[in-house]
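Structure first, then comments.
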Amino acid sequence: MRTFEPDSSIVSDIIPSPNYGERSKGRQPDMIVLHYTGMPDVEGALARLCTAGTEVSAHYVVLEDGRIVQCVPEAKRAWHAGVSSWAGEDDINSCSIGIEIINRGHDWGYPEFPLRQIAAVIALCRGIMLRRKVPAHRVLGHSDVAPARKKDPGEKFPWHSLANSGVGHWVTPAPIVRGETLMLGTISDAVLSMQQALARYGYGVPLNGKYDAATMEVVTAFQRHFRPTRLDGVADHSTLSTLQALLASLPADGTTVASK
């Protein structure tokens, strides 16, 4: 793939990736998916994203020092989300812009995200949101759209800082208090109600009233993004109240019932 003009004025380098295609049926992106690279160094991460045959790529890579590399034009379909779903859509690559953030991830010590890097992510996302009319609640993590497979960008990612700058959807998490919980093995109308609420927000979750392993994975992913102080997959008062507050603060057209 020959080089191309960057879509963003804050891109510092272009390293074209051959791993891309056309968006399905001309679908225009209206979602941003944030990832971490999960590799020990930046050179290996860029090589994987930009080498033919790896079957993986992203539109942008944000380095730890704040530099931004573009690898795939926004008009094209990068291969970053894999098997994933959100709000009933299961071709997330066709409807999203993928941003990889250089971070070693959980398997390599999971360091904090530097402030310069987060500032660059915010600036990049704000530009994409303006150009592509991406609503704040459709700036998501890889773990949100693939809760059974992925943890990134993880519980250390400062979603609250992004939201303070107009990027992403956030409410202050409800405090953790003692009380009744829903957990693995529970079968009840309360579980179904929680599943339906998670589905309204966009998560791909079973709607069967059973707190099964798939439901626990989704609850854990929700906590990783919106209530990161405790990741136990247990739907306590804090988790459920935070979910309801998020739903209540969505724009009127912001909820979509996910497919079963």
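Measuring nothing but protein heavy atoms, the accessible surface of region 13-165 at 1.4 Å probe radius is 52 percent carbon and sulfur.
Compared with the dominant Cα axis of the chain, that is its longest principal axis, helix 115-132 is turned about 90°. Could you point to the label whose value was computed as volume of the Cα convex hull per residue in Å³ for the structure here, given (1) 114; (2) 123; (3) 215? Structure-derived value, by its label: (2). Of all aspartates and glutamates in the structure, the ones whose alpha carbon falls short of 13 Å from that of Lys150, not counting any fewer than 8 places away in one chain, are Asp107, Glu217.
Of all the options Glu155, Glu43, Glu64, the one that moves most in a Gaussian network model of the chain with Cα springs shorter than 10 angstrom is Glu43. Among the trypsin sites (Lys or Arg not before Pro) in region 149-187, those placed in a DSSP loop whose Cβ has at most 11 other Cβ atoms within 10 Å are Arg178.
The distance between label points at Asn164 and Asp107 comes to 3.3 nm (points 7 Å beyond Cα on the Cα→Cβ vector).
Note down the net charge around Ala120, summing +1 for each Lys or Arg and -1 for each Asp or Glu among other residues with Cβ under 9 Å from its Cβ. Write down the numbers at each step before the final one.
Details: positive: Arg67, Arg116; negative: Asp65.
Neighbour charge sum, excluding Ala120 itself: +1.
In Å², what does the accessible area per residue of the chain work out to with a 1.4 Å probe?
45
Each DSSP beta bridge with both residues in the chain is either parallel or antiparallel, and the antiparallel ones are about 35%.
Find which of Pro158, Ser8, Gly82 sits farthest along the positive direction of the dipole of the chain, computed with +1 on the beta-carbon of Lys and Arg, -1 on that of Asp and Glu, about the Cα centre. The residue sitting most towards the positive pole is Ser8.
Between amide H atoms placed 1.01 Å from N, distances below 5 Å from Ile97 occur with Met31, Ile32, Val33, all of them 5 or more places distant or on a separate chain.
Region 193-231 and region 1-74 have their alpha-carbon centroids 29 Å apart.
Given Cα pairs under 8 Å that are at least 6 residues apart, what percent is the relative contact order of the chain? The partial results should precede the final answer.
Values: 545 pairs, mean separation 49.5, N = 260.
In percent, rounded to a whole number, it is 19.
Working from label points 7 Å from Cα in the Cα-to-Cβ sense, the Lys156 to Ile176 distance is 1.8 nm.
Placing pseudo-labels 7 Å out from each Cα toward the beta carbon at Asp253 and Glu55 gives an inter-label distance of 3.7 nm.
State which entries of Lys25/Lys133; Lys25/Lys156; Lys76/Lys151; Lys133/Lys210; Lys76/Lys156 exceed 28 angstrom in Cα-Cα distance in the structure shown.
Values: Lys25/Lys133 19 Å; Lys25/Lys156 36 Å; Lys76/Lys151 25 Å; Lys133/Lys210 37 Å; Lys76/Lys156 30 Å.
As for pairs spanning more than 28 Å Cα to Cα, those are Lys25/Lys156; Lys133/Lys210; Lys76/Lys156.
Mean residue ellipticity at 222 nm, helices only, the chain: -9000 deg cm²/dmol; runs of at least 4 DSSP H residues each add -39,500 (n - 2.57), and the sum is divided by the number of residues.
The values are calculated or read from the model by the stated rules, or taken from the named source; none is laboratory data. What you are looking at is a predicted structure, and each value in this text was computed from that prediction instead of being measured. Using ideal geometry, Cβ is built from the backbone for each residue, glycine included, and neighbour counts are taken over all protein chains shown. All accessible areas refer to the heavy atoms of the entire protein, side chains included, with ligands and DNA or RNA removed. Shrake-Rupley method; radii C 1.70, N 1.55, O 1.52, S 1.80 Å.
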